[in-house]
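Down below is the structure, laid out as structure tokens.
Please treat every number below as a calculation from the coordinates, not as lab data. Nothing here was measured: the structure is a model prediction, and the numbers come from that model. Virtual Cβ from ideal backbone geometry, glycine too; neighbours counted across all protein chains shown.
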Amino acid sequence: MIVGVRIYLVRHGDAVPEEDAGSDRDRWLSARGRESALVLGRLLREHGVVPDMILSSPLPRAVQTAELLAASLDYLGIVASLRSLEPSAHPRVAATAISATGGAVIAVSHEPAISAIGAYLLGLPGFPQFRTAQCCAIENGKPTFTARADIGQILPLLVD
């Protein structure tokens, strides 16, 4: 168990189609994705989330989501990019980097990486897949809540 660490795992907002961007790596947030990231930021702010650090995959849609969350949460630090949060990275590497930050950290990534990181952090064989612009909170080694921009709500996070 990771005591004293609050980890907020976030899947990026909706992105433009690959055909528009030219490649999956280059996809950026759609207008709907930008709006969803702002809604998610508002939900987290209302829930009292105050990040000590925000980490992001270096892919544009994740960086944009992280930056919109940072603005919504009045986070004044740097949004740090980690290659270990890219879609194909191994969850152990990302989980180690996230856990090492201490305090409260938001990590923005992609599916299937983000749910694999959640499973790894909790020592479970699997973790529910994230919707776009969804946050799942792990506090002191236990799942606590999920914030979903698509329904504009925070709900208890139940993981088997």
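Divide the volume of the convex hull around the Cα atoms of segment 1-81 by the residue count and you get 94 Å³ per residue.
What the phi angles of segment 80-88 give under the Karplus curve with 6.51, -1.76 and 1.60, with θ = phi - 60°, is a coupling list of 8, 8, 10, 5, 5, 9, 5, x, 9 Hz, glycine and proline written as x. When the label point is put 7 Å from the Cα of Leu158 along its Cα-to-beta-carbon vector, which residues of segment 39-75 have a backbone N closer than 19 Å? Within reach of a label on Leu158, which here means backbone N under 19 Å from a point 7 Å along Cα→Cβ, segment 39-75 contributes nothing.
According to the square roots a ≥ b ≥ c of the eigenvalues of the Cα gyration tensor, what is the shape class of segment 6-142, taking rounded for a/c under 1.5, prolate for a/b larger than b/c otherwise, and oblate for the remainder? Walk me through the numbers before you get to the answer.
Numbers: a/c = 1.60, a/b = 1.16, b/c = 1.38.
Cα axes put segment 6-142 in the oblate bin.
Local charge for Asp20 was computed over the other residues whose Cβ lies under 10 Å away, with Lys and Arg +1 and Asp and Glu -1, and equals -2. Who wins for biggest fluctuation among Ala89, Ala100, Ala116 in a Gaussian network model of the chain, springs between alpha carbons below 10 Å? Greatest mean-square fluctuation among the candidates belongs to Ala100.
Which order results if Tyr8, Tyr120 are arranged by neighbouring Cβ count within 10 Å, fewest first? Walk me through the numbers before you get to the answer.
Details: Tyr8 24, Tyr120 19.
If I rank by nearby Cβ atoms, fewest first, I get Tyr120, Tyr8.
Determine the gain in length on full extension of the stretch Thr144-Asp24; use 0.36 nm per residue of separation and subtract their C-alpha separation, reporting nm with one decimal. Could the numbers behind the result be given before it?
Numbers: separation 120, 0.36 × 120 = 43.20 nm, distance 3.18 nm.
Between Thr144 and Asp24, full extension yields 40.0 nm more.
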